[in-house]
1. Need the failing condition index for Gly72 against (1) under 18 Å from the mean Cα position of the chain (by Cα); (2) at pLDDT 95 or above, just the number.
2. Among the residues that make up the range 112-122, is at least one of them touching a residue at least 24 places away in the same chain (Cβ under 8 Å), within 8 Å of the ligand (Cβ to nearest atom), surrounded by 16 or more Cβ atoms within 10 Å (Cβ to Cβ) and β-branched (Val, Ile, Thr)?
3. Condition test on Leu232, is it over 18 Å from the mean Cα position of the chain (by Cα), away from the ligand (no atom under 15 Å from the Cβ) and crowded, with 20+ Cβ neighbours inside 10 Å?
4. Please go through the range 74-104 and pick out each residue that is within 12 Å of the ligand (Cβ to nearest atom) and either touching a helix residue (DSSP H, G or I) at 6+ places or on another chain (Cβ under 9 Å) or of a type in the set (Lys, Arg) (or both).
5. Of everything in the range 153-166 that's near the ligand (Cβ under 7 Å from one of its atoms) and of a type outside the set (S, T, N, Q), which residue is farthest from Phe8 (Cα to Cα)?
6. Can you pull out every residue in the range 214-228 that is touching a Phe, Trp or Tyr at 6+ places or on another chain (Cβ under 9 Å), part of a helix (DSSP H, G or I) and of a type outside the set (A, V, I, L, M, F, W, C)?
7. May I ask you to verify whether Ile54 is among the aliphatic types (A, V, I, L, M), crowded, with 22+ Cβ neighbours inside 10 Å and part of a helix (DSSP H, G or I)?
8. Only one residue in His139, His127 is away from the ligand (no atom under 11 Å from the Cβ), more than 15 Å from Ser70 (Cα to Cα) and in contact with a helix residue (DSSP H, G or I) (Cβ under 8 Å, 6 or more places away or on another chain). Which one?
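The values are calculated or read from the model by the stated rules, or taken from the named source; none is laboratory data. Source: prediction; values computed, not measured. Glycine gets a Cβ as well: all are built from the backbone with ideal geometry, and neighbour counts include every protein chain shown. The accessibility values were calculated without ligands, DNA or RNA, using every heavy atom of the protein model including side chains. Shrake-Rupley method; radii C 1.70, N 1.55, O 1.52, S 1.80 Å.
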Amino acid sequence: MQTLPISFEFFPPKTPEGRDKLLAVRDRLAALNPEYFSVTYGAGGSTRDNTQDIVTQIHRDGYEVAPHLSFGGDTREAVIALLQRYRDTGVRRVVALRGDMPSGAGIHKLVNANELVAMIREHFGDHFRISVAAYPEIHPDAENYSRDIYWLGEKFRAGADSAITQYFYNADAYFYFMDECARQGIDKPVIPGIMPITNFQNLVRFSDTCGADIPRWLRHKLAGFGEDTEGLRTFGEEVVAQLCERLREGGAPGFHFYTMNQADATLGILRHLGIV
Ligand code: FAD
């Protein structure tokens, strides 16, 4: 398989042990020469300090890193101050998002990602490479299919450089989405987000929340493994590697792996693809 740019996503660890474990995972994945690592940002800024801490550490260790960022309930000034800290640390990338309403937090107005992108460009010029989110199976709040792609276009028109997709297991959804993007004049890279399959219950729960579809045949096949976690992992690796192969053959510009802070499942997929 021809090598494509890859990136790996982490969530910020909450404990010193989690941090040490994550840095060990990072070291294993770093051997594959990723373009960058990214670190998520909790809804409403709930992980602000943890995200900043691990982003700084990864940067200090000499790797490219992209903090995820959203307004949450923060003011414009607070978001700018956070971006200034990232800039002063030497960070050159961000993933700009709307985020979701955090449970238990007071109601506030969510700021759409196109406005965040515009604000970053206004205050920081070209300093940051900005990625945004894209949804081949359409965002749950979208008015309709083409309107969702229109808003993706607005994020690019505001200055985003590339997009990373929500995960999906149906390659045709991505290909059709890319055709529709082209019809709406979008010509920037839209990188498939790849979710390894390691735990059926978690995957179902998460997919239901974020609007990612697990095709019926796959759902049944995965359910059939029951307690056989090893069997599920092996099958999951094969199935996700086949998806990646189809995406590569169809012209996907790279892969962004949702690692869930684990190296083995992602490495297993990359091994199937001949990258490890
Ligand atoms: P937007 O692009 O703002 O779109 C949200 C919805 O509003 C869409 O339905 C769109 O059609 C519509 N819309 C867009 N712009 C406008 C506008 N100007 N006016 C009216 N409607 C509009 N969540 C986290 O909390 N932390 C993370 O770190 C995180 N990382 C992510 C990384 C990736 C790669 C992806 C795909 C998702 C991530 N998410 C994260 C989830 C994301 O925050 C949610 O999916 C959220 O609901 C939407 O964010 P967005 O940036 O896509 O929003």
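1. With respect to (1) under 18 Å from the mean Cα position of the chain (by Cα); (2) at pLDDT 95 or above, Gly72 is out only on (2).
2. Looking through the range 112-122, none of the residues is touching a residue at least 24 places away in the same chain (Cβ under 8 Å), within 8 Å of the ligand (Cβ to nearest atom), surrounded by 16 or more Cβ atoms within 10 Å (Cβ to Cβ) and β-branched (Val, Ile, Thr).
3. Working: over 18 Å from the mean Cα position of the chain (by Cα): yes; away from the ligand (no atom under 15 Å from the Cβ): yes; crowded, with 20+ Cβ neighbours inside 10 Å: yes.
Judged against the criteria, Leu232 is a match.
4. Val94, Ala96, Leu97, Arg98, Gly99, Asp100, Met101, Pro102, Ser103
5. In the first step, residues of the range 153-166 are kept if they are near the ligand (Cβ under 7 Å from one of its atoms); the result is 154-155, 164-166.
Now narrow it down to the ones that are of a type outside the set (S, T, N, Q): 154-155, 164.
Details: Glu154: 26, Lys155: 22, Ile164: 11 Å.
If we take residues in the range 153-166 being near the ligand (Cβ under 7 Å from one of its atoms) and of a type outside the set (S, T, N, Q), then Glu154 is farthest from Phe8 (Cα to Cα).
6. The answer is Arg219, Lys221.
7. yes
8. It is His127.
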